Amino acid sequence: MEHQDFRDYIIRGGQSNSKTRSIREGKMESVIKKKVDKHMNKLDNEYDVKRVEKVNLDVRRIVQKVRTEKGMTQKELADRVNMKVEIIRDLESGKLSKNPQLLSKLQRVLGVRLLGKNIGEPFTFGKKKD
């Protein structure tokens, strides 16, 4: 510990000028504070919290209805779409945010449209045969 210096040092402030004295007494607002406030206001406006869109109630009911009609449990459905059971549970309870990739997988497995305008109609994929 020879390299450490444990001596006491006394640091004395210089004489304060009238501007510093008036800031301390609260008579004048600091220029630095104004800059910080301006910067914080800019950050507040820039990063406003936006509401996350949840899965539609109709979609949740359709997933649950079709899953039970096909005799599948939440675990079986999760295995078929290669996701965790918690994701299916959160989807059906309304806690999950809207995820088009998951809904696309689910509509292929369940055979029902979950995206777009025709929600609830039978889902056919591939080329249509005439």
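Out of the residues in the range 53-100 that are of a type in the set (Lys, Arg) and in a loop (DSSP other than H, G, I, E, B), state the one that is surrounded by the most Cβ atoms within 10 Å (Cβ to Cβ).
Among residues in the range 53-100 that are of a type in the set (Lys, Arg) and in a loop (DSSP other than H, G, I, E, B), the one surrounded by the most Cβ atoms within 10 Å (Cβ to Cβ) is LYS98.
Looking at SER104, is it hydroxyl-bearing (Ser, Thr, Tyr) and under 18 Å from the mean Cα position of the chain (by Cα)?
no
All of the numbers you see were taken from the coordinates with simple rules; none came from a lab. Every value quoted in this text rests on a predicted model; they were computed, and no experiment measured them. We place every Cβ from the backbone using ideal geometry, glycine too, and count neighbours over all the protein chains shown.
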